[in-house]
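In what follows, a structure is listed as C-alpha cells, so that the remarks can point back to it.
Quick note: the coordinates plus some simple rules give every number you see, no bench work behind them. Small disclaimer: the values here were computed from a predicted structure and weren't measured. Ideal geometry is used to build each Cβ from the backbone, glycine not excepted, and the neighbour counts take in all protein chains shown.
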Amino acid sequence: MELNKSLIREIKLLILESRESAIRAVDHARVLMYWHIGKRIFEEEQQGRSRAEYGTYLLKSLANVLQPEFGSGFSIRQLERYRQFYRLFPIASALRTQFSWTHYKLLLPIENEDRREYYILESAKNTWTSRQLERQINSQLYERLLLSNDKESVLAVARGEKQQFEAKDIIKDPIVLEFLGLKQKASYYEKDLESTLISHLQDFMLELGNGFSFVARQKRIHIDGDEFFVDLVFYNRLLQCFVLFEIKTHKLTHQDLGQLQMYVNYYDRFEKQDFENPAIGILLCTDKNDTVVKISLPENNQTILASKYQLYLPSEEVLLRELKEEMNKINTTDSK
C-alpha cells in the first residue's frame, strides 16, 4: 500500500516548522540571557561606584571567573557588549523575538539613534536575515535614502506612518551592486550586466527595496511594426505600478532618457490597468549629469529617474560628503 504523498508533505512541513521554532526559541533565550547579564553588570556599576576603574575591574574579574568555565562568550569584550546591549535596549519586552543575537551585534555599533531605529524597523518589517541586515548596513542604505529624502520621511516610511507614493521614496541613488562580483574597471556589455543581475535576482531585489516583484527580462514590445526590448520589468505593489529598468554601461545621455520615456509611455497606454498608477522608468548608468536629466525631462517629471550604479560598497565618508552637498543644494535653492 502506497503512503499518501500529501500526508508525507504535511508531516515533513510540521517537522521543519518545529525545528525552526525551536531554533528561534533557543536563540531568543540566549538574547534574553545576554540582556539580563548586561543589566546586572550595569546595575552593579551604578551602586555608588561611578569610577571608571571600577567598571574595568568588574568586567575583568567577571571574565576571569566566567570565561574558564563557560568559554569565550564571556570574555571582557563580550561582557562589555552585553552591558552596551542593555543600555541601548533597556526594556526587555521591546526586544524583537525574530532577531538573533547576531542581529543585535550588528546594531550595537550604530551610534546614531535614527539610523539604528531605521535598521531595526526595516529588518523586522522585511524579515531580513542577519546576513541581509549586515549587507544593508555595509552598503549605507540609510544614508543613500537620505540623498533623495529627508530624515523625517525616511523614518516615517519605516515606522509605517507614511505610505510610499513616489518613486524617490524607494529608489536609491546610487544603487550598489557589489554582490555581482564584477570588477569595477572591467569592460563588459549591457547584456552581461543584465544576465548577472538576473542570476543574482534575490540580492538585486533586496537592494531595490520594498514591494518589488520580477515580471520580465528583455520584454518585447511592438510599436507599429517595430520591435523594442525593455531590459528588466518589475512591479511594485506599494506604488501599484510597473517599474521599467534600462541598463547602460556608459554615462547617461539624453537619448537614453528618450528611449526610456518611450517605454514608459507604452506601458501607460497599453499595459496599465485603470486602478494602477503610471509606470516608472529607472535608468541605471555608470555616471550622470543631473542638469542634463532635469533639462531632458519635463519640470513636473515624477516617472523617469536616473540612478548611478556602482560595483563596490560605498564608504561612509563619500556618502556623507554627497549628503552634505545635497543639503547645500537644497539650502541654496530655498534661499533664492
Residue-averaged 222 nm ellipticity for the chain, from DSSP H runs of 4+ at -39500 (n - 2.57), nearest 500: -17000 deg cm²/dmol
Spin-label pair Phe214/Glu69, simplified geometry with 7 Å Cα→Cβ offset, distance in nm: 5.3
On Cα atoms only, tilt of 254-270 relative to the major axis of the chain in degrees: 90
26 Å Cα-Cα reach of Lys5 towards lysines, excluding residues that sit fewer than 8 places from it in its own chain: none
Principal-axis tilt of helix 76-88 within the chain, Cα atoms, nearest 10 degrees: 70
Inter-part distance where segment 51-110 and segment 30-46 are each reduced to a Cα centre, Å: 7
The chain: translational diffusion in µm²/s, Stokes-Einstein, Kirkwood Rh over Cα pairs, 25 °C, 0.890 mPa s: 105
Potential lengthening between Ala25 and Ser130 on full extension [0.36 nm per residue; Cα-Cα distance subtracted]: 36.2 nm
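Using a 10 Å cut-off around each Cβ, can you sort Thr303, Thr249, Thr291, Thr286 from fewest to most neighbouring Cβ atoms?
Ordered by Cβ neighbours within 10 Å, fewest first: Thr291, Thr286, Thr249, Thr303.
If each residue of separation counts as 0.36 nm, what is the full-extension length gain between Ile295 and Leu14 once their alpha-carbon separation is subtracted?
Value of the extension gain: 95.3 nm.
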FRET efficiency, 1/(1 + (r/R0)^6) with R0 35 Å, evaluated for Leu238 and Leu7 via beta carbons: 0.35
Inter-label distance, nm, simple model (7 Å from Cα along the C-beta direction), Ala156/Leu121: 1.1
Positive-end residue of Ile221, Val292, Gln310, charge dipole of the chain with Cβ unit charges: Gln310
Sites matching chymotrypsin sites (Phe, Trp or Tyr not before Pro) across segment 271-313 that sit in DSSP coil, with at most 16 neighbouring C-beta atoms within 10 Å: Phe275, Tyr312
